[in-house]
1. With the cut-off at 1.5 for a/c, could you classify the stretch 55-168 from its C-alpha gyration tensor as rounded, prolate or oblate?
2. Mind jotting down the three principal axis lengths of the stretch 153-270 based on Cα atoms? Whole angstrom, largest first.
3. If you roll a 1.4 Å probe over the heavy atoms of the protein chains, what accessible area per residue do you get for the chain, in Å²?
4. How far apart, in nm, are the 7 Å Cα→Cβ label points at Val103 and Thr175?
5. As I understand it, the dipole of the chain uses +1 on the Cβ of Lys and Arg and -1 on the Cβ of Asp and Glu, about the Cα centre. Which of Ser100, Gly47, Pro209 lies farthest toward its positive end?
6. Using alpha carbon centroids, what distance separates the stretch 269-294 and the stretch 130-160, in Å?
7. What dipole magnitude, in Debye to the nearest 20, does the chain give about its Cα centre under +1 on Lys/Arg Cβ and -1 on Asp/Glu Cβ?
8. Run through the stretch 200-290 and list the GluC sites (Glu not before Pro) located in a DSSP loop whose Cβ has at most 14 other Cβ atoms within 10 Å.
Amino acid sequence: MIIVELRDIEIFLTLAEELHFTRTAQRLHVTQARVSQAIKKQERRIGAALFERNNRNVALTPIGQRLFDDIQPLYRGLCEGMDRARLAARGKTGVLRVGSIAVNLHDFRQLFDTFANDHPECEVQLRHVDFGDPFGRLRAGDLDIQIVWLPVKEPDLTVGPVIYTEPVVLAVGATHRLAGRESVSYEDLADETVMGGARPDYWREILVPLRTPSGRLIRIGPSVSNFQEMIPILSTGEAVSPVHAQAARYYARPDITYVPIRDAPAARWGLIWRTGSETELIRAFADVAHELNSVEQLAGAPVDPVDSGTSGSTVTA
């Protein structure tokens, strides 16, 4: 009988989703060496390669794909069963898994607290999502609802209320030629290399356009999937990137400067969920978000997204 550690199964399944050893290690909070060791150990036990890998790509082999298809539902069922038991022990009967690409989750505290007060039987679990695969975990069923920048134009996903708006700024190295500017324009990006990596293209181009307002081509350089991967590239001046203003607060560093982009439209963040998997809890969470923003609008609350992280802008699904 083959005995496999649950952690090794988790590493295999995560690598099968990410197809990237570094991102898998970051997501599971382990070293890259631990990921490699776990995969090699499983391959020795099975007697065949589970992944094809070289310096540029990682891909599942046919045997690896079959293993993933066989054990992924079992692993998910095991995790869900453990979650249900843990929740029952705490007097909870439901869970709402909320994913977010945004890092300013503290700014949404009123939303989370209000929902928790209205639904004490439900536990809210927060998870980070990389912008390199913004909808993958939602579609896989790992998340119930997600906070993401808009617009989202996916036929299988419902777009709920806008919960937050903020400016867009340009992240550059502290010694970069643009670092001392009071502001920049998207036109300035024609002379720079800009990071890519967000997918799909239409979604990335809301933040990182392919051309300047006058039509000049913007060079897309290194591909990244989260802000942590951006830091060394920004710091050395290899590339720059438009980012949401929240980064200036949550990734304040002496080697990175954030310069306002004066002609960038305000970024909108909203809720999305799988259309075919809408539940009462998902709808209730969206309703709370809509009601909170409606109250802010009616009260005439001042909006300064850079400082407060709140918004009075609201749309409904």
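The values are calculated or read from the model by the stated rules, or taken from the named source; none is laboratory data. Every value quoted in this text rests on a predicted model; they were computed, and no experiment measured them. A quick note on method: Cβ atoms are made from the backbone with ideal geometry, for glycine too, and the neighbour counts reach across all protein chains shown. Areas reflect the complete protein model, heavy atoms only, side chains present, ligands, DNA and RNA absent. Shrake-Rupley method; radii C 1.70, N 1.55, O 1.52, S 1.80 Å.
1. Taking the square roots of the gyration eigenvalues as a ≥ b ≥ c, the stretch 55-168 is oblate.
2. 43, 32, 25
3. Using a 1.4 Å probe on heavy atoms only, each residue of the chain averages 49 Å².
4. 2.3
5. Gly47
6. Taking the Cα centre of each part, the stretch 269-294 and the stretch 130-160 sit 13 Å apart.
7. Computed charge dipole of the chain: roughly 1020 debye.
8. Glu205, Glu238
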